[in-house]
């Protein structure tokens, strides 16, 4: 758990620091590291708090942000103002968005920020970012998705601060069914030649999918 207090500097500087921490920690491809960012009313930031911290500080938590996170948040923490940055567009709910984008020959990909509820990639959409991936490798698609995820997180938090504590919702809606571990396993099993052993090992380890 990392705890930092940012009382000096402007809002943009604060969120650049948060984003840089997330990037440095979570863009290491071979590690399954989840990121939960909690911000209190005084704009103190806690990254990856343990359950004891959450229970002791629940009443002071203002915002909960989930980014690059494989775990599904449940329970009372979802009653807080929150959003998840899903590293895939609205048509890829669930896991493996970059894999399916490559296999389907998509020319564009994207990331989505949405309010979390008890279902997976289901809550109201706050904002999204779409970008070109034509001719990109899997690794390039993932890198672009992570970069856009960080930028989207910063944008939403800065807007929240400017508007006095409001998350505006987009008119976008989720599309398509939920991509499950079984869907991803079948895709990797049938098209393993499209992906390196490193990529397959990444998903096998992080999502407990058998090779």
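The values are calculated or read from the model by the stated rules, or taken from the named source; none is laboratory data. Just so it is clear, the structure is predicted and the values come from calculations on it, not from any experiment. Cβ sites come from the backbone with ideal geometry, for glycine too, and all protein chains shown count toward neighbours.
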Condition met for residue 135 (part of a loop (DSSP other than H, G, I, E, B), under 15 Å from the mean Cα position of the chain (by Cα) and more than 19 Å from residue 184 (Cα to Cα)): no
Go through the stretch 11-103 and tell me which helices (runs of 4 or more DSSP H), entirely inside it, have 1 or more residues that are modelled with pLDDT of 70 or more and farther than 21 Å from residue 141 by Cα. 51-57
For residue 142, only one of the following conditions fails: (1) modelled with pLDDT of 95 or more; (2) farther than 26 Å from residue 74 by Cα. What is its number? (1)
Scanning the stretch 77-90 residue by residue, the ones that are touching a helix residue (DSSP H, G or I) at 6+ places or on another chain (Cβ under 9 Å) and surrounded by fewer than 22 Cβ atoms within 10 Å (Cβ to Cβ) total 3
Could you tell me how many of the residues in the stretch 104-114 are modelled with pLDDT under 95 and touching a strand residue (DSSP E or B) at 6+ places or on another chain (Cβ under 8 Å)? 0
